[in-house]
Amino acid sequence: MHLFLRLMGYVRPYWRRLVAALVCMALFAVLSTVSLGMILPFMNVLFEEQTLVTGAAPVLEPAAPVLEPGPPTSGPGPPTSGSGPPASGPGSDLSLSVVGDLPSVGGLKEEAKVRILAFFASGTAGEALGKICIAFLVLFFVKSIFGYLQTFLMVTIEQRVIRDIRNALFSHLNKLSLSFFHGQRTGQLISRITNDVMLVRKALVATFANLFREALLVVLYLGLAVWISWRLALITLVVLPPIVLLMALIGRRLRKRSARLQERMADITSTLEESIAGMRVVKAFGMEDYEKERFFRHTWRYFRTSIRLEVLSAAAGPLVEYLGVVGVVVILWYGGQQVILGGEVSPDWFLVFLGSVLSALQPLRKVSRANNDLQIGLAAGGRIFDILDTEPSVVEPVDGKALEGLSDRIAFEGVRFSYGAGDDVLHDVDLTVAKGEVVAIVGPSGAGKSTLLDLLARFYDPTGGRVTIDGIDLRDVDLKSLRRLLGIVTQETILFNDTVRNNIAYGFEGAADREVIAAAEAANAHGFISAMPDGYDTEIGERGVMLSGGERQRIAIARAILKNPPVLILDEATSSLDTESERLVQQAIERLLRGRTVLVIAHRLSTVRNADRIVVLDKGAISETGTHQDLMSLEGLYRYLYDMQFRDDRPEEFGNEEPRG
């Protein structure tokens, strides 16, 4: 119920449309029930008169209907044989036929019958039949209009709700901290926004278009049956408790199996996304067959779970319908005897009763199917709300202080950090970076270099201690103003499937062409961009796949130059590049460094020789600090790393000398 109410919260803004749709559904259900009442005049015209007149159809003269019971009137017409009504019964006038029934049966039910028949009884039998046919046409035309309106209104509501849920889900994903995404597979998140949201739509359709309308039809049909004969209806109602219990049991199992099925779909989506994104590696290692087997394994699991779900879902409808048929058969046996023995129900009313009960079976089956869809949708809604209920670990402060720039220094004060419940990645880090200073951070893999700079960007909050800018704790700073101060260029360059211009101007939609070109020139990118087929309007593909590694890096640097940040973070920006690309990127970086406060992580130590200060991290703590010359003279970890790197790059200079430190 809690999940259902939360889903209905997304429907609330469209309550006017919903009310209009429900009114249309109610009128549709009422008109469907009224159509059953057309059996009475049809039976009266088609059969009752023919029991009075043999041969040709009688000629009926119009007469005003008499609604009060009175003595039988005699009328023309030959007598009939057998158990049919005497000749003095209904004659050539339909209104007399109506009056003739009244002495035997009274009450509201017969009065309704009289009024219905009286409406169609004026004129001959052919004219009455024509009226009935026209009434059918009008009735079903109006019912079709309400059916169309309720479908149109519900579709607009459903699509609006689905749009709102997708928007809310995507907006919340953007608010979540990076730590959330470390524990998630991309395909699973995509599955939440695509597959799960569509299943929620099925739940909305099931709730309103099926549960409300079909349940209302069941109520009206059975209500008509109760009004005709409560004794016969009681037999029908006996089978309802088992039906409701059966639906509840099946619905509970469906929700569990549906949740499992959605997990299987998430596995398929994740495998597909990973394989396509890593297709270069897949082909390079000849792992096509392995990837196919992995994908086939997930599709087999989905197939098996889907079959189990569909079998259970498919069984619900026939079981519910069969229980309803059991009730109908009992009614046929008992009600038929009542008609034969002249009980409380006349033949025409019994036909209406039987029609109402049989008409209730189809919507009853749809109610069962709608319950299945609702349970599946609620399971999907639970997975969606699991994400929406996840709180970001980095919380935006209320009335956070807006930073206008860096005027003094950046400080890491006794900083500790750990991912989850694991050991500290950083511990007792004290580091101050003055405005305009270039500080290089080096160390072995896993020392915590990238993590330290992630704390400055407040992608994470420290477990202990604090990070400050001009003495202000970053946890008290407005996040947007903080990140406006920072320009970040990482080893993993993220570009979008868009034009070169839009990738450079990312975050600066109003940037002029001359500004974009100037940034590209400063990043040594203008040359290769101009040589592209459409220049700055060239689409570069997903993740910039149409560019080389060095070209992607230079576009990322151009993006940072256009932003013109006072603080620059470079995270191994020149690693994995060939010599020529590294030279061009390094020239671009040197232009980017001018007049800024810079923290740089260098994979190649030759790039940090000219830094104002080098900080060496080892196992999450600062082990050495100084200039390149200072650290080389210490013959510690920095000297060891430097010698190891240059031994690999220029072995002829070192021979077989063992590294020092």
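The values are calculated or read from the model by the stated rules, or taken from the named source; none is laboratory data. Worth saying up front: this structure is predicted, and the values here are computed from it rather than measured. Cβ: placed from backbone, ideal geometry, glycine included. Neighbour counts: every protein chain shown. In case anyone asks, the SASA skips ligands and DNA or RNA and just uses the protein heavy atoms, side chains included. Shrake-Rupley method; radii C 1.70, N 1.55, O 1.52, S 1.80 Å.
Working only within the stretch 514-562, note down all residues that are open to solvent by less than 60 Å² (accessible area, probe 1.4 Å) and at positive phi.
ASN524, GLY535, GLY541, GLY544
Pairs only if they're at least six apart or on different chains, beta carbon under 6 angstrom, first in the stretch 432-453 and under 17 Å from SER623 (Cα atoms) and small (Gly, Ala, Ser), second open to solvent by 10 Å² or more (accessible area, probe 1.4 Å) and assigned to a helix (DSSP H, G or I); list them, first residue then second.
Cβ pairs passing all conditions: GLY443/LYS449.
If I filter the stretch 171-185 down to residues being among the hydroxyl-bearing types (Ser, Thr, Tyr) and closer than 17 Å to ALA421 by Cα, which single residue comes out as surrounded by the fewest Cβ atoms within 10 Å (Cβ to Cβ)?
SER179
Which one is surrounded by the fewest Cβ atoms within 10 Å (Cβ to Cβ), of the residues in the stretch 344-366 that are within 27 Å of VAL205 (Cα to Cα) and of a type in the set (Ser, Thr, Tyr)?
By that ranking, first place goes to SER359.
Is at least one residue of the stretch 210-220 small (Gly, Ala, Ser) and open to solvent by 30 Å² or more (accessible area, probe 1.4 Å)?
Yes, the stretch 210-220 has at least one match.
Take THR538 and decide whether it is modelled with pLDDT of 85 or more and β-branched (Val, Ile, Thr).
When the stated conditions are applied, THR538 passes them.
Which numbered condition trips up LEU403, out of (1) within 30 Å of LEU254 (Cα to Cα); (2) open to solvent by less than 20 Å² (accessible area, probe 1.4 Å)?
(1)
Could you tell me which of the residues ARG409, ARG369 is in contact with a Ser or Thr (Cβ under 8 Å, 6 or more places away or on another chain), under 30 Å from THR33 (Cβ atoms) and open to solvent by 50 Å² or more (accessible area, probe 1.4 Å)?
None of the others qualify; the one that does is ARG369.
Conditions tested, residue by residue: (1) modelled with pLDDT under 90; (2) surrounded by 17 or more Cβ atoms within 10 Å (Cβ to Cβ); (3) more than 25 Å from SER407 (Cα to Cα); (4) touching a Leu at 6+ places or on another chain (Cβ under 9 Å).
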site	(1), (2), (3), (4)
PRO462	no, yes, no, yes
ARG466	no, yes, no, yes
ILE469	no, yes, no, yes
LEU474	no, yes, no, yes
GLN491	yes, yes, yes, no
ILE494	yes, no, yes, no
PHE508	yes, no, no, yes
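What is the residue count in the stretch 510-535 for residues that are modelled with pLDDT of 85 or more, within 21 Å of GLN587 (Cα to Cα) and among the hydrophobic types (A, V, I, L, M, F, W, C)?
Number of matching residues: 9.
Looking at THR194, THR236, THR269, can you tell me which residue is of a type in the set (Val, Ile, Thr), buried (at least 20 other Cβ atoms within 10 Å of the Cβ) and at pLDDT 75 or above?
Going through THR194, THR236, THR269 in turn, just one is of a type in the set (Val, Ile, Thr), buried (at least 20 other Cβ atoms within 10 Å of the Cβ) and at pLDDT 75 or above: THR269.
Just checking: which of the helices (runs of 4 or more DSSP H) contained wholly in the stretch 153-233 hold 1 or more residues that are more than 20 Å from MET265 (Cβ to Cβ) and of a type in the set (Asp, Glu)?
By residue number, 213-228.
Against the condition open to solvent by less than 60 Å² (accessible area, probe 1.4 Å) and under 22 Å from GLU437 (Cα atoms), how does LEU479 come out, does it pass?
So LEU479 does not fit the description; no.
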